[in-house]
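Asks: Input: one structure, supplied below.
The values are calculated or read from the model by the stated rules, or taken from the named source; none is laboratory data. Keep in mind that this is a model prediction, so the values were computed, not measured. Using ideal geometry, Cβ is built from the backbone for each residue, glycine included, and neighbour counts are taken over all protein chains shown.
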Amino acid sequence: MSESLFSDASQRLDEALAYASISEEAIERLKLPRSSLKVSIPVRMDNGELRIFPGYRVRYDDTRGPTKGGIRFHPDVSIDEVQSLAFWMTFKCAVANLPFGGGKGGITVDPKSLSPFELERLSRGYIDAVADFIGPDVDIPAPDVYTNEMIMGWMVDQYGIIKRQIAPAVITGKPLTMGGSLGRDKATAMGAFFTMEATLPRLGLSGSPATTTVAVQGFGNAGAIIAELLFNAGYKVVAVSDSQGGIYRREGLDIPSVRQFKDSTRALKAVYCEGSVCNAVDHETITNEELLALDVDILAPAALENQITASNARDIKARAVYELANGPTTPEADEILRGRDVVVFPDILVNAGGVTVSYFEWVQNRQGLYWTLDEVNQRLKQKMVEETERIWDIAQTQGISQRTAAYVHALNRIGDAVQAKGTKSYFTGGGD
Ligand code: NAD
């Protein structure tokens, strides 16, 4: 996955370079990470045995500010994967105009094989190993695949023990009681919702939400919440899916009922609930491939990478694709969709609401003043709408895709920051 993410991101970057105003020196700077750290983490297991786990942290680029990015616990984690994801974060933070560069971290481990005590010792051990590499003004981790609020809580606590100070701003995605932000749980979907609302009228799809049909792939944190936000705003969500497959109902699904049923049974089923009683309603079960090919206005991939590929892109009938997942569309599929006038709104914009509210958490920690949920969502809306509109304008003016425009937007910002420190033209007297 990492290699495909990296090569996809690099390919998109190459396309964008032709349209961005960025110096050769800035491009050179982006070819290698600023610093990478490999550590080994000794953990005393419950059976008395000592095991050593490999861990990593990469700070890819900090020209625009401290580096920011999650920590992943997964058996496939490697330094290459962490580096690719840190590179990706550099662009996402620049798209959202956050004062951050890109970073990422991880441990090569199957977290499901550990007891809760072992997991805590491993999480604290990771911070023991990287404490001098991270910090509120240097590098700020967050949760990622198979890490969560509780793990962030252990980690921020361990950092405080090592530094002999309470430093909540060193890590985001913490529990609310340890300085987490209201709204972080729904931030990714909320950000995507604001991008949709800002762009649907421009696509000529805003007749009325009630006649705008939506299919959502994935029913986890990103997918279930975007489905519910759209449902609550009156859109007709006709299909949703999880790893087992999907459900389709032409008249639309009652998403709060589907969520309630899924939360209590783990099963995805078209139901209508009154109180705690849920009754099945007429629907069809479909595969994930069929969901992607539905004749809907909006398709929202919110599960995994590489879902829309050269082999199924010609089947996509949606008018617009909003990528809540990271990397759901391959570069070849992108080309095919563009040729068929399907507008793809890219991950580095659409799912940037998550890192944006992480930034808000960091700001609140530093000022020691906490915002209401309304304040968080207002600020998120302002940022998402502003960046969505700027990317839209770049795409229109330069005649390029939304994705290329998002990369151009990020590159221009990173290039400006490099330029501000002086490039060859300045030091050889060519500057103004
Ligand atoms: P999650 O684990 O909460 O949910 C993932 C969902 O995808 C689950 O419903 C799972 O059943 C489903 N799924 C798994 N395999 C599938 C398959 N083959 N076909 C269809 N569905 C499948 O994860 P999440 O946090 O919702 O993340 C989903 C995507 O959004 C990922 O690409 C993630 O990187 C991206 N993302 C999430 C956030 C966030 O804040 N949660 C932020 C940025 C990006």
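Asks: Just give me the residues in segment 127-142 being more than 20 Å from Glu361 (Cβ to Cβ) and either surrounded by 23 or more Cβ atoms within 10 Å (Cβ to Cβ) or free of Cβ contacts under 8 Å to residues at least 12 places away in the same chain (or both), in sequence order.
Replies: Listed by number, the list holds a single entry, Asp132.
Conditions (1) among the aliphatic types (A, V, I, L, M); (2) surrounded by fewer than 20 Cβ atoms within 10 Å (Cβ to Cβ); (3) at negative phi; (4) in a loop (DSSP other than H, G, I, E, B), marked per residue:
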{"residue": "Ile151", "(1), (2), (3), (4)": "yes, no, yes, no"}
{"residue": "Val156", "(1), (2), (3), (4)": "yes, no, yes, no"}
{"residue": "Gly160", "(1), (2), (3), (4)": "no, yes, yes, no"}
{"residue": "Thr172", "(1), (2), (3), (4)": "no, no, yes, yes"}
{"residue": "Gly180", "(1), (2), (3), (4)": "no, no, yes, yes"}
{"residue": "Arg184", "(1), (2), (3), (4)": "no, no, yes, yes"}
{"residue": "Ala189", "(1), (2), (3), (4)": "yes, no, yes, no"}
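Asks: Considering only helices (runs of 4 or more DSSP H) fully contained in segment 254-371, which possess at least 2 residues that are within 21 Å of the chain's Cα centre (by Cα), among the polar types (S, T, N, Q) and within 12 Å of the ligand (Cβ to nearest atom)?
Replies: In segment 254-371, 353-367 are the helices (runs of 4 or more DSSP H) which contain 2 or more residues that are within 21 Å of the chain's Cα centre (by Cα), among the polar types (S, T, N, Q) and within 12 Å of the ligand (Cβ to nearest atom).
Asks: Right, here's the next one. Residues of segment 26-63 being in a strand (DSSP E or B) and among the hydroxyl-bearing types (Ser, Thr, Tyr), which ones?
Replies: Answer for segment 26-63, where residues must be in a strand (DSSP E or B) and among the hydroxyl-bearing types (Ser, Thr, Tyr): Ser35, Ser36, Ser40, Tyr56, Tyr60.
Asks: Within segment 210-247, how many residues turn out to be closer than 23 Å to Asn326 by Cβ, more than 11 Å from the ligand (Cβ to nearest atom) and surrounded by fewer than 22 Cβ atoms within 10 Å (Cβ to Cβ)?
Replies: 2
Asks: Further, regarding this structure: Can you tell me which residue within segment 408-424, out of those that are without any contact (Cβ under 8 Å) to a residue 40 or more places away in the chain and in a helix (DSSP H, G or I), is surrounded by the fewest Cβ atoms within 10 Å (Cβ to Cβ)?
Replies: Once the filter is applied, the top-ranked residue is Ala420.
Asks: Hey, another quick one. Give the residues of segment 158-182 that are over 24 Å from the mean Cα position of the chain (by Cα) and of a type in the set (Lys, Arg), sorted by residue number.
Replies: If the condition is that a residue be over 24 Å from the mean Cα position of the chain (by Cα) and of a type in the set (Lys, Arg), then Lys163, Arg164 are the ones that fit.
Asks: Follow-up question, since we're still on this one. When residues of segment 64-85 are filtered for being closer than 23 Å to Ala420 by Cβ and either of a type in the set (S, T, N, Q) or in a helix (DSSP H, G or I) (or both), how many remain?
Replies: Residues flagged as closer than 23 Å to Ala420 by Cβ and either of a type in the set (S, T, N, Q) or in a helix (DSSP H, G or I) (or both) within segment 64-85 amount to 1.
Asks: A further question follows. Which condition does Thr177 not pass, out of (1) of a type outside the set (A, V, I, L, M, F, W, C); (2) touching a residue at least 40 places away in the same chain (Cβ under 8 Å); (3) within 30 Å of Arg57 (Cα to Cα), if it passes all the others?
Replies: Condition not satisfied by Thr177: (2).
Let's see how each residue does on (1) at pLDDT 95 or above; (2) buried (at least 19 other Cβ atoms within 10 Å of the Cβ); (3) under 26 Å from Trp362 (Cβ atoms):
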residue	(1), (2), (3)
Ser23	no, no, no
Pro66	yes, yes, yes
Leu85	no, yes, yes
Gly101	yes, yes, yes
